[in-house]
Amino acid sequence: MDTLTAIITRRSVRSYKDEILGIDLIKEIVSYWLYAPSAHNQQAWKYYIISKQEDRNYLWDVMEFWKMLPHAWGTILACYDKDVVRSEEFISQDMWASIQTILLAAHEKGVWTVRLGLYPHEKEMHEIGQHFQLPENIVPFALISLGKQEGEIPEKHIKEWKIEVI
């Protein structure tokens with residue numbers, strides 16, 4: 001799949017088949033985060049693959065909009081390492097760039113995803129860090145659920161917009 005096709009055809013999918021993805025496939029998909037741009041090359045990202053059903057059920061309880069998590073296999077927890085961050089003002093941009101890279105890699109591999117925002121909900125970020133016993137320097141930022149699409153692939157609805165030259 002070429003890059004432009006991937007950009008145009010990728011969708012956020014929230015309904016998954018009851019089909020297990022191999023852990024090696026998920027590891028491969030996650031590894032593409034390494035190629036994302038990073039301010040000052042700080043590369044403060046840290047990713048965890050959450051494969052236990054009870055952990056996905058826990059995450060579902062944390063945020064009401066994460067209802068697809070118990071049905072996903074698996075879930076990726078995107079974090080960053082405060083000890084590595086050199087440009088705090090750019091870390092959210094770095095994280096979103098790396099997450100988008102993972103979303104496109106998953107799409108290339110035939111895996112459907114949805115990214116689930118966590119930052120800036122500090123209470124939930126703290127709870128998730130405690131649940132997974134993350135070190136103090138590791139900050140939970142977002143999640144990505146992965147699975148095989150159940151039903152029709154949703155059509156993308158593009159809003160009207162106009163590029164202006166200034």
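The values are calculated or read from the model by the stated rules, or taken from the named source; none is laboratory data. Just so we're clear, the structure is a prediction, and the values are computed from it rather than from any experiment. Note that we place each Cβ from the backbone using ideal geometry, even for glycine, and neighbour counts take in every protein chain shown.
A quick yes/no check of all residues on (1) in contact (Cβ under 8 Å) with a residue 40 or more places away in the chain; (2) more than 25 Å from Lys67 (Cα to Cα); (3) surrounded by fewer than 16 Cβ atoms within 10 Å (Cβ to Cβ):
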| residue | (1), (2), (3) |
| --- | --- |
| Met125 | no, no, no |
| Ile128 | yes, no, no |
| Val139 | yes, no, no |
| Ile144 | yes, no, no |
| Glu150 | yes, no, yes |
| Ile163 | no, yes, yes |
Looking at the structure I just gave you, is Ala106 part of a helix (DSSP H, G or I), of a type in the set (Gly, Ala, Ser) and surrounded by fewer than 20 Cβ atoms within 10 Å (Cβ to Cβ)? no
Gln100 passes all but one of (1) out of contact with any helix residue (DSSP H, G or I) (no Cβ under 8 Å at 6 or more places or on another chain); (2) farther than 16 Å from Ser12 by Cα; which number fails? (2)
Suppose we filter segment 57-69 for residues that are charged (D, E, K, R) and not in a helix (DSSP H, G or I); how many remain? 2
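Just give me the residues in segment 20-56 being of a type in the set (Ser, Thr, Tyr), surrounded by 15 or more Cβ atoms within 10 Å (Cβ to Cβ) and in a loop (DSSP other than H, G, I, E, B), in sequence order.
Ser38
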Among the numbered conditions (1) of a type in the set (Phe, Trp, Tyr); (2) in contact with a Phe, Trp or Tyr (Cβ under 6 Å, 6 or more places away or on another chain); (3) not in a strand (DSSP E or B), tell me where Phe141 comes up short. (3)
Could you pull out the residue among Glu28, Glu54, Glu19 that is among the acidic types (Asp, Glu), modelled with pLDDT under 90 and at negative phi? Glu19
For the condition basic (Lys, Arg) and more than 23 Å from Leu21 (Cα to Cα), what is the one hit in Lys159, Lys148? Lys159
Taking Phe90 as meeting all but one of (1) closer than 16 Å to Tyr47 by Cα; (2) more than 9 Å from the chain's Cα centre (by Cα); (3) at pLDDT 95 or above, write down the number of the exception. (1)
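One line per residue, one yes/no per condition, for (1) at pLDDT 95 or above; (2) more than 16 Å from the chain's Cα centre (by Cα):
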| residue | (1), (2) |
| --- | --- |
| Ile102 | yes, no |
| His107 | no, no |
| Thr113 | no, no |
| Leu118 | no, no |
| Glu127 | yes, yes |
| Phe132 | yes, yes |
Which residue pairs have Cβ atoms closer than 9 Å, lie 6 or more positions apart in sequence or on different chains, and pair a first residue in segment 77-98 that is closer than 20 Å to Val62 by Cβ with a second residue that is acidic (Asp, Glu) and crowded, with 16+ Cβ neighbours inside 10 Å? Tyr80/Asp94
